[in-house]
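Structure, as structure tokens:
The values are calculated or read from the model by the stated rules, or taken from the named source; none is laboratory data. Quick caveat: nothing in here was measured; it's all calculated off a predicted structure. Cβ placement follows ideal geometry from the backbone for every residue including glycine, while neighbour counts extend to all protein chains displayed.
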Amino acid sequence: MESILTAILFGYLLILIEGFLPGGILGLAGVFCIALASYFAYQEYGGPLAPTLTFILGAFGAIIIIFIEFKWLSKSKLGKNLFLSSSTDGISNKELPGEEIIGQTGKTLTEHKPEGITLLKGINYDAYSEDGFLPKETSIIVTGTDDFRIRIKKHNLL
């Protein structure tokens, strides 16, 4: 009887820890411990009734632990740091200008290997150099746009 209770309690402990350290491994180990307790119940009492009841009641207890944990954790100081409590509206990337930017000249603010930051009319843009490496402060011309960056080439001033 002690081995059954020990396996169930150890399984509950692993499932409880899973709530703080998510990843699935500890939760699966906890479920394995509950299944192991069912095996111990079969070894000790025989027949299908004891292991089945052990597994069902053990799983029901695990579900209750998970429910209580997340109800309590979401309201605790620790839980407020772990869970998302607000959302923001907006876009993650600024919109690129349209075709009107093609042909504009500017300069590189960083080295382009082949990507870097470019300055055009006082605005910084992520840029991809079609010429490969470009040193800092190189004069450039915009040749196109793609996704969230502009394409540039070295501009030879004549």
Find the strands (runs of 3 or more DSSP E) located wholly in segment 102-142 whose residues include 1 or more that are modelled with pLDDT under 90, and list them.
-> 115-120, 123-129
Within segment 71-93, is even one residue modelled with pLDDT of 75 or more, within 30 Å of T143 (Cα to Cα) and not in a helix (DSSP H, G or I)?
-> no
Taking segment 15-26 and the residues there that are touching a Leu at 6+ places or on another chain (Cβ under 7 Å) and part of a helix (DSSP H, G or I), the one that is farthest from I66 (Cα to Cα) would be L26
Every residue from segment 108-155 that is touching a residue at least 40 places away in the same chain (Cβ under 8 Å), farther than 15 Å from G98 by Cα and either among the small types (G, A, S) or surrounded by fewer than 18 Cβ atoms within 10 Å (Cβ to Cβ) (or both) = H155
In segment 43-82, how many are more than 16 Å from I15 (Cα to Cα) and either in contact (Cβ under 8 Å) with a residue 24 or more places away in the chain or surrounded by fewer than 16 Cβ atoms within 10 Å (Cβ to Cβ) (or both)?
-> 18
